[in-house]
Amino acid sequence: MFWYSLDSWREYSYLDEDDKEKGENRDERRWIEKNNRVARKERKKEEMTRIRTLVDNAYACDPRIQRFKDEKKQEREDQKRARQEAAKAKTEEEKRLKEAAEEVAKKKKQVEDEEQLAKAAIAKKEKEVQKKIFKKERKALRTFAKEMNFFATDDATMVSNMAEVEKLCELLELVDLQSMNESLSKGDSDAAVMTFKSQVEKVNKKLQTEKAQMLANTRKEVHGNGVAPRGKEWTDEELHILIKAVNLFPAGTGQR
């Protein structure tokens with residue numbers, strides 16, 4: 001403020017106690033001038049202190065100044081309170097949004113879990129139903145085969161056909177199994193034999209194709225990659241025996 005930065009133009013030379021011109025020589029005059037400068041500086045300092053004290057008293061006693069200070073202080077406090085309230089509101093809003101998002105995610109996950117459980121329950125039920133249907137149709141096929149003497153006229157053929165019946169029970173799809181049982185239920189022995197042979201031929205052909213493809217892939221992996229096979233390579237006769245064994249006891253057969 002103006003009064004606190006006031007620099008008086010007064011130099012107080014008129015209050016000098018000694019006149020330097022009265023000095024007998026140059027050194028004495030210099031000494032007198034030096035003492036005078038010190039005294040002037042001290043007087044000026046006292047004067048400035050007096051002025052500042054007067055200004056302080058004026059500011060302290062002036063109600064306008066006090067009101068101005070109070071208003072400034074209140075303004076700063078209001079601004080500080082506003083910033084604090086804004087920060088608090090922002091924090092609460094962020095917390096609310098976070099909790100809302102977590103609640104939405106929780107409900108979504110809960111719904112998804114319930115849907116998964118429902119789907120799993122339905123799939124389990126369908127699987128159980130299909131398993132029961134498979135069991136019923138396999139039992140029916142075994143019953144039809146037994147009643148028709150396993151579609152054979154001699155013991156050797158009957159033993160072979162028994163294995164083929166078990167193979168059909170294990171490998172036929174449900175639709176094919178139901179279709180075959182429907183055909184067998186008509187009681188026509190000749191048609192039943194033809195249906196049986198047709199299904200056996202179809203299944204064996206499928207197994208032959210799968211096994212041939214598997215062997216081809218195995219040979220390709222062993223020889224095509226430039227890797228020498230371990231041990232002696234299988235002969236055609238051994239491969240033929242392997243295919244017959246796999247056909248007799250296909251994958252999924254009980255106690256294979």
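The values are calculated or read from the model by the stated rules, or taken from the named source; none is laboratory data. The model shown is predicted, which means the values in this text are computed figures rather than measured ones. Every residue, glycine as well, gets a Cβ built from its backbone with ideal geometry; the counts of neighbours run over all protein chains shown. Surface accessibility is based on the protein's heavy atoms, side chains included, excluding ligands, DNA and RNA. Shrake-Rupley method; radii C 1.70, N 1.55, O 1.52, S 1.80 Å.
Some points to look at:
- Carbon + sulfur, % of accessible area of the chain - ligands and nucleic acids excluded, 1.4 Å: 54 percent
- Proximal lysines relative to Lys72, as straight alpha-carbon distance under 21 Å, when same-chain residues fewer than 8 apart are discounted: Lys80
- Net charge contributed by nearby residues that have their C-beta within less than 12 Å of Lys125 (K/R +1, D/E -1): +3
- Accessible area in square angstrom per residue, the chain, 1.4 angstrom probe: 81 Å²
- Net charge in the neighbourhood of Ile51 (other residues with Cβ under 12 Å of its Cβ; Lys, Arg +1, Asp, Glu -1) is +1.
- The value obtained for the stretch 1-116, namely the Cα convex hull volume divided by the number of residues, is 167 Å³ per residue.
- Against the chain, whose longest principal axis comes from its Cα atoms, helix 174-184 is set at around 20 degrees.
- Radius 15 Å from Cβ of Lys20, net charge of other residues (Lys, Arg +1; Asp, Glu -1): -3
- When the chain is treated as a GNM with alpha-carbon contacts under 10 Å, the residue of Arg138, Arg30, Arg96 showing the greatest mean-square fluctuation is Arg30.
- Rounded to the nearest 10 Å², the accessible area of Tyr59 at probe 1.4 Å: 50 Å²
- Note on exposure: Val165, Val175 ranked by accessible area (1.4 Å probe, complete protein assembly) read Val175, Val165, with the most exposed listed first.
- Rounded if a/c under 1.5, otherwise prolate or oblate - the stretch 103-228, Cα gyration tensor axes: oblate
- Using alpha-carbon coordinates, inclination of helix 155-171 to the longest axis of the chain, degrees: 20 degrees
- Taking Cα atoms only, the orientation of helix 63-147 departs from the longest principal axis of the chain by about 0 degrees.
- With kT/(6 pi eta Rh) evaluated at 10 °C and eta = 1.306 mPa s, and Rh the Kirkwood radius from Cα pairs, the stretch 52-112 diffuses with a coefficient of 101 µm²/s according to Stokes-Einstein.
- Residue among Asp18, Asp154, Asp188 with the largest mean-square fluctuation in a Gaussian network model of the chain, springs linking Cα atoms under 10 Å: Asp18
- Measuring between alpha carbons in the structure, the pairs from Lys139/Lys205; Lys73/Lys95; Lys135/Lys211; Lys135/Lys205 lying more than 30 angstrom apart are Lys73/Lys95.
- Values of log10 I(q)/I(0) for the stretch 56-162 across q = 0.13, 0.14, 0.19 Å⁻¹ run -0.83, -0.86, -1.02, by the Debye formula with one identical scatterer at each alpha carbon and no solvent.
- Calculated SAXS-style log₁₀ I(q)/I(0) at q = 0.08, 0.16 Å⁻¹ - the chain, Debye, Cα scatterers: -0.72, -1.20
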